Structure formats: structure tokens, C-alpha cells
Ligand SMILES: N[C@@H](CCC(=O)N[C@@H](CS)C(=O)NCC(=O)O)C(=O)O
């Protein structure tokens, strides 16, 4: 049995969209919960088992897991038929794993530092900065339409979702706006926007 603790218009929407793309939505029970929103509204839901009261939280046969990128990796391995991951033996798996981890290890922190205007030499030494992260994406997206190559994967779902959800993070030109537009035009993105009431 698979359960997903979900709050609309959040990181867990990206998981719902991935499940839709994987053709696995009917295999998962979605449990909608409240979370504390960034404007301070709502609050944690006592029925949500996530240790920090956050979403997404996935439970598979009684074992829970957190972290949006780890959950996506897990689901693409669990439902490999859709070809949205890069399983063991796929020569592009190293690239796929790198983008999935880079999102959490680098992109999330630098986005927060950048938009909160935190300018610290120490943080910069470790994480570089938002402009460097954008350059990394642009460097790949000038070579290939999607992050690991010619096909859309959960790495695009994970990272393009952020730029789509927060258009203010997008550079005005270069390959990122085109990539996000292609992501936005995908039927699964449009179905998720409808589910989220966007
Ligand atoms: N590192 C976590 C972050 C999860 C997260 O911050 N989720 C937000 C929704 S997008 C949330 O639940 N916020 C409620 C809160 O901070 O209490 C992940 O990657 O899954």
C-alpha cells in the first residue's frame, strides 16, 4: 500500500504530477493535509506523520519517507515502465542522480539565500550562488532539451516545477524560459494545474 500526504500548491503537487505521469495515481492513496503556509496561514495537520509537519510524505507498506527528490527517485525506480527515471544499467543514471541530488544540495539553498538577500562569503564558498546555479542549468539546456538528454525525466519535473511555480526565479532569456514553457505545456503539468486550482 502506498500513501502520499499532500497539500495542494506545494512540493507535494510535484509528486502528484509525477505519479500521474508514471501512470501510478490509481496505485496511491492521497491523504490531503494542511501545512503552515509561507504567509503563516493554516498550520500543521495532526494526522500528518511527517516529522516536521511538512509535505510531501510518502508511506510504502508502512515505511515512511521524506524529501521530494528522494521520493521522486524512489517512485521512478518503483514504476520504471514510464521511463521517467534512469534505472541501474542506464548509461545516463549518473547524470540523473546528479541533478536529483544537486536540487537539494545546491539549488534549494542558493534560491533561499538569493531571494532572502543573504550574502555571506562562507555560504558562497560552499554553495556558490544563484547565478552560478542558473549557469549550470543553462549550460546543460543549451546542449539538450531536457536535463539528462533528449527525454523528459523526474529531474525536469523536480527542477522545472520550481521555476514554473515561482516565475520570479526565471531568467528573462536563455534556455530556461523555453524549458519551463515546454514543461508547462505537458499534459501532466496542465492536469496538475487544474487539480491545484491554478
Ligand atoms: N526538504 C523538504 C521540504 C518540504 C517542505 O518544506 N514542504 C513545504 C511545502 S512546499 C511544507 O510542508 N511546509 C510546511 C512547513 O514548513 O511547516 C523536501 O524536500 O521535501
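Read-outs: derived from the displayed coordinates by stated rules, not from any lab. Every value quoted in this text rests on a predicted model; they were computed, and no experiment measured them. No Cβ is skipped: glycine too gets one built from the backbone with ideal geometry, and neighbour counts run over all protein chains shown.
General remarks:
- Set of region 134-162 residues, backbone N closer than 11 Å to the point 7 Å along the Cα-Cβ line of residue 128: 134-140
- For the pair residue 190 and residue 27, the difference between a 0.36 nm per residue extended length and the Cα-Cα distance amounts to 56.6 nm.
- Label point at residue 38 placed 7 Å out along Cα→Cβ; residues across region 48-89 whose backbone nitrogen lies under 20 Å: 52-57, 67-69
- If you look at the Cα atoms of region 108-198, you get an Rg and a Dmax of 14.2, 42 Å.
- Going by neighbour counts of Cβ atoms within 10 Å, the residues 98, 47, 10 line up, fewest first, as 47, 98, 10.
- Pairwise Cα separations in the chain fall into 10 Å bins from 0 onward with the following percentages, short to long: 8, 34, 38, 18, 2.
- Computed per residue of the chain from DSSP H runs no shorter than four, each worth -39500 (n - 2.57), the mean residue ellipticity at 222 nm is -13500 deg cm²/dmol.
- One quarter of the convex hull surface built on the alpha carbon atoms of region 2-103 amounts to 6.9 nm², the projected area averaged over directions.
- Label-to-label distance for residue 47 and residue 82 is 2.4 nm, based on points extended 7 Å past Cα in the beta-carbon direction.
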